[in-house]
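Heads up, the thing below is written out as C-alpha cells.
Computed from the coordinates by the stated procedures, all read-outs in this text should not be read as laboratory data. This is a predicted model, so every value here is computed, not measured. Glycine also receives a Cβ, built like all others from the backbone with ideal geometry; neighbour counts cover every protein chain displayed.
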Ligand code: GLC
C-alpha cells in the first residue's frame with residue numbers, strides 16, 4: 001500500500017468525533033496488514049497434514065456420532081463451500097443449483113457491506129427502506145459475527161480481517177461518557193462510517209453505549225471479538241494477525257476487564273441489564289447466562305491465541321484458574337433438570353455453614369409455576385441467572401447454545417439441552433426459529449421488570465420473540481451433538497417465510513407466527529444466520545471455527561460447598 005494512503009487511513013481513524021479521542025498517536029502495526037491477501041500457500045500446507053483429521057471428523061459427524069474429537073486441529077475447507085455459494089455479486093444463478101433463498105440472501109448480505117475508504121469493514125444492521133433507520137445504520141459487533149462466519153465459510157476472509165483491525169483501533173480510543181472514562185479494554189457496541197462527499201473523507205464513529213438507548217454496556221462485544229479472531233485464525237490458518245503485538249495487547253485488555261478481582265464471591269461475571277443481545281431492560285442484570293457462556297468461550301479462545309511472551313503467560317494462568325472455577329459454578333448451580341428442580345422445590349431455607357444444601361438461600365416459593373410444566377422428564381438447561389436468593393428460571397437461547405459450542409456443558413448436559421429442544425419444540429422453535437428467551441414476562445411482572453417497555457411486550461422482541469438469527473447457533477449446536485436433522489427441520493421452517501417476509505429482525509407470538517411489531521425488514525443478521533446455518537449443514541467441518549471440544553481437565557471435582 002502506498003505510504004500516503006496509509007497515512008490518510010490513520011488520520012481518518014484518529015477522529016475526535018463525539019468526544020472520542022485517541023489514546024496515543026501511535027501508528028498501529030496492524031494497519032500494515034489491512035490489504036494483505038489471505039495466505040493461500042499457508043492454507044495449503046496446513047491442509048495437507050490435516051486432511052485426514054478433517055475427513056475423519058466430517059465422517060464422524062455425518063454418521064451422527066456426537067464426539068468432535070480432533071475438531072480443534074482442523075481447518076474448515078472454505079473453498080469447498082465456495083463451490084456452492086456465490087462468491088461475488090456477479091454470480092450467475094444458472095450455474096448454481098441451490099435453494100433460491102440462498103441467492104437472495106447472498107445478494108442482500110453483499111448489499112449490506114459497509115466501506116471505509118473503499119475497503120469493506122463490516123455489515124450494516126438493517127437495510128430496511130420502509131423504516132426510520134434509527135441506530136440500525138451502524139455496524140454492530142455482535143451483529144457482524146454471523147456475517148463474518150458467512151464470509152469466512154465462503155472463502156472471503158479479507159472483510160473479517162479488516163473488521164478485526166478496525167475495531168481493535170476503536171478499542172484503543174479513550175472512551176468517555178460524560179465525565180467518566182471507560183475501561184481501556186471496552187470494545188464498542190457498534191460503529192458507523194460517515195462519508196463526506198465534499199471532502200471525500202470517511203470518518204468512523206464508535207458507540208460504547210453512550211448514545212445507545214439507555215446507556216447499555218456492551219459486555220458481549222469484546223467476547224465476540226476474541227471468538228471471531230479465533231474463527232478467522234482457524235479458518236484461514238493465518239496466525240500472523242492474532243500474533244501481532246497489537247492484537248495480543250487487545251486481548252489482554254479485554255481479559256484485564258473481565259478477570260479483575262472485586263468483591264465478588266462467584267467466578268461468574270457481574271453485569272448490568274441490557275449487556276448483550278438483549279440490550280434493553282429485561283431483568284437480566286446480575287449474572288446472565290448469555291454473558292457467562294460467551295465469557296467461557298472467549299476465555300477458551302484467548303487461551304489458544306495468547307502467546308506467553310509480553311505478559312501473556314500470566315493471563316494464560318489466570319484464564320486456566322477462572323475456566324476451572326467457572327465451569328464448576330455453571331455446571332453445578334445454573335443447571336436445572338427434573339431432578340434438580342425437585343431438589344430446589346424441597347429446599348430448606350435459612351441454612352448456614354459449609355454443609356448448606358441450599359447455598360444461595362433460594363426460597364422454594366419463588367419458583368414460578370410455569371417451570372413445573374415446562375420441565376420434561378428428559379432434558380435440562382442452564383437457567384437465566386443465579387445470585388443470592390434469586391434464580392431466574394427463564395430459558396435463554398444464546399446462553400444454552402454457546403454452552404454447547406464451548407463445551408461449558410458436559411456431554412450429558414449437552415444432550416439434555418438438545419432433548420429439551422426436542423421435547424419443547426413448539427415452545428422454543430414453534431413456527432419460526434427460535435425464541436430468544438422463554439417464557440415471556442406478562443402483566444405486573446412485565447411492568448416491573450421491563451419498566452413498561454412498549455417494545456418488549458409479551459412474546460415480542462426480547463420478551464419471548466423469535467429471532468431467525470439464532471438459527472446459526474442452533475444449527476451449530478445440533479451438529480456438535482450429532483443431531484443435524486433437528487437443524488434441518490428448523491431451517492425448513494425458516495425457508496417457508498423468511499425471504500418472502502423480507503428477512504425480518506424478529507417474529508412475535510407464542511409460536512413466532514407474526515412478523516414482529518417493530519421488527520426491521522432486511523435485517524442483516526437474519527440473512528447471515530440463515531446462510532451460516534445452510535453452509536454448516538452442507539459442510540459440518542465448518543463447526544471447527546466456532547466450537548471447542550471438551551477439556552477433560554475441567555470435570556467438576558467438588559461435591560459440596562468448598563470455601564477455603
Ligand atoms: C437490537 C438488538 C441488538 C442488536 C441491534 C442491531 O437492538 O437487541 O442485539 O445488536 O438491534 O441489530
Gain on full stretching of the segment that runs from residue 448 to residue 256 - 0.36 nm per residue minus C-alpha separation: 65.7 nm
Per-residue Cβ neighbour rank within 10 angstrom, fewest leading, 392, 132: 132, 392
In nm, spacing of pseudo-spin labels at residue 352 and residue 317 (7 Å Cα→C-beta vector): 3.7 nm
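Assuming R0 = 41 Å, what is the FRET efficiency of residue 390 and residue 489, from their Cβ-Cβ distance, to the nearest 0.05? Each step should come with its number before you reach the end.
On the way: r = 35 Å, r/R0 = 0.86.
After rounding to 0.05, the efficiency reads 0.70.
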Protection-proxy order for peptides 317-329, 394-406, 339-351, 419-431, each taking the mean of Cβ atoms within 10 Å per residue, highest first: 394-406, 419-431, 317-329, 339-351
Residues 335, 525, sorted so that the one with the fewest Cβ neighbours within 10 Å comes first: 335, 525
Gap separating the Cα centres of the range 437-487 and the range 192-228, nearest whole Å: 25 Å
Per-peptide average of other Cβ atoms within 10 Å, ordering 408-418, 300-310, 280-290, 172-182 highest first: 280-290, 408-418, 300-310, 172-182
Projected label distance in nm at residue 345 and residue 378, using a 7 Å step from Cα toward the beta-carbon: 2.0 nm
Inter-centroid distance (Cα atoms) of the range 114-177 relative to the range 249-280, Å: 23 Å
Neighbour-count order for 211, 366, fewest beta carbons within 10 angstrom listed first: 366, 211
Globularity ratio of the range 462-546, using Cα Rg and 2.2 N^0.38 Å: 1.07
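May I ask you to order 502-514, 135-147 by the average number of other C-beta atoms within 10 Å around their residues, highest value first?
On the way: 502-514: 21.8, 135-147: 24.2.
Packing order, densest peptide first, comes out as 135-147, 502-514.
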